[in-house]
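Rule-based calculations on the coordinates, nothing more; no lab input. Because the structure is a prediction, the values reported are computed rather than measured. Glycine also receives a Cβ, built like all others from the backbone with ideal geometry; neighbour counts cover every protein chain displayed.
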Amino acid sequence: MVGESDADNVDQDASFAIKLTAKQIDVLKTRLHQSELAKYREEWVQRRVEAQVRAGGKALEMIIYNNIAHCLFKAQPDRQRIAKMMPMDDHISYQDMLSVVESLLAYCIKDYDVFYRPGEEPVDGRCPVGNCNLTR
């Protein structure tokens, strides 16, 4: 009987230690989450302040427009290549000029009514998936 009570005490102590450790882990998780959230908030505010300073104190709509334009650059890489070449003050090479003209032509010709993921654009006006009879 004495051996059983010692075993029970050990089991209770182990159970208590496990519960205590689980509680400590939860507290540490919460602290970590709160500190990371506070860090993110500070970085977010800093980025917004820097964006507003770069924008010369212009309205937030201008900053939002820049974010939209950045998203459009991902969807329309031709537009991004053209935008990168436009503000150049120095002379560009003939090859770069041809590249810009090709990008401009591709941008003007391509139908942007519907956006497709890369590799999923219609081929000859038809769905690129095999055995698909849908047409655009």
Original post:
In a solvent-free Debye calculation with one equal scatterer on each Cα, what is log10 I(q)/I(0) for the stretch 1-61 at q = 0.19, 0.28 Å⁻¹, listed in the order of the q values?
Top reply: -0.79, -1.02
**OP:** At 7 Å along the Cα-to-beta-carbon direction for both LEU98 and LYS39, put a label point, then send me their distance in nm to one decimal.
**Re:** 5.0 nm
Subject >> In order through the stretch 78-86: 3J(HN,Hα) via Karplus (6.51 cos²θ - 1.76 cosθ + 1.60), integer Hz, x for Gly, Pro >> reply: 4, 4, 5, 4, 5, 5, 5, 7, 4
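Calculate, in nm to one decimal, what GLU120 and LYS74 gain on full extension: separation in residues at 0.36 nm each, minus their alpha carbon distance.
Working: separation 46, 0.36 × 46 = 16.56 nm, distance 1.54 nm.
Extra length available between GLU120 and LYS74 comes to 15.0 nm.
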